[in-house]
């Protein structure tokens, strides 16, 4: 093995590590998507945005999906990585139990997603613009129909001032919705 090369330390003035904990009061849970289930209850996606940067753009988040949550097939305007911490989900029919790592290259779509009977907890990172674009609303509607569920209007999200909410651009069954 070649001799280790000396690595020069690079420091950027004014920049320090940022540490977050899931109990940090500055990182609230946000309800970002919901559906109404066949029994009248709701299932939602809840997110804690641990790091959200404009320059360079990226988002790191901790997500909790309620049992049975259905999310449309979609892509993001950036590469996207998901790690299933606990629970399980299905992605386009593929089972993703705890410990599954999913990589979504820029320009591709995945889903629809369905959370398992106990829900799922995820760590997600988007390395670029984290907003999503819709793909195949028919697959989303079919996944909802199979469960007797329906999409609900998008809840308000506390987006950073520098990022426009694009969720109303996506239409499912004649109604604007994100449900991604």
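The values are calculated or read from the model by the stated rules, or taken from the named source; none is laboratory data. Please read all numbers here as calculations on a predicted model, not as lab measurements. Note that each Cβ is placed from the backbone with ideal geometry, even for glycine, and that neighbours are counted across all protein chains shown.
So which residues in the range 114-133 are modelled with pLDDT under 95 and either closer than 24 Å to residue 39 by Cα or over 13 Å from the mean Cα position of the chain (by Cα) (or both), if there are any at all?
Within the range 114-133, 128 is the sole residue that qualifies.
Being in contact with a strand residue (DSSP E or B) (Cβ under 6 Å, 6 or more places away or on another chain) and farther than 23 Å from residue 146 by Cα, is that true of even one residue in the range 33-44?
Looking for residues that are in contact with a strand residue (DSSP E or B) (Cβ under 6 Å, 6 or more places away or on another chain) and farther than 23 Å from residue 146 by Cα, one finds none in the range 33-44, hence no.
Against the definition (in contact with a strand residue (DSSP E or B) (Cβ under 9 Å, 6 or more places away or on another chain) and closer than 20 Å to residue 140 by Cα), how does residue 87 come out, yes or no?
no
Of the residues that sit in the range 143-163 and are in contact (Cβ under 8 Å) with a residue 24 or more places away in the chain and not in a loop (DSSP other than H, G, I, E, B), which one is nearest to residue 52 (Cα to Cα)?
From the range 143-163, those in contact (Cβ under 8 Å) with a residue 24 or more places away in the chain are 143-144, 147-155, 157-158, 160, 162-163; that's our starting set.
If we keep only those that are not in a loop (DSSP other than H, G, I, E, B) too, we end up with 143-144, 147, 150-151.
Working: 143: 31, 144: 31, 147: 34, 150: 30, 151: 27 Å.
Checked the range 143-163; the qualifying residue nearest to residue 52 (Cα to Cα) is 151.
What about residue 21, is it touching a residue at least 60 places away in the same chain (Cβ under 8 Å) and under 25 Å from residue 160 (Cβ atoms)?
It is false that residue 21 is touching a residue at least 60 places away in the same chain (Cβ under 8 Å) and under 25 Å from residue 160 (Cβ atoms).
If residue 151 meets every condition in (1) in contact with a strand residue (DSSP E or B) (Cβ under 6 Å, 6 or more places away or on another chain); (2) surrounded by fewer than 16 Cβ atoms within 10 Å (Cβ to Cβ); (3) modelled with pLDDT of 80 or more apart from one, which number is that one?
Tallying (1) in contact with a strand residue (DSSP E or B) (Cβ under 6 Å, 6 or more places away or on another chain); (2) surrounded by fewer than 16 Cβ atoms within 10 Å (Cβ to Cβ); (3) modelled with pLDDT of 80 or more, residue 151 fails exactly one: (2).
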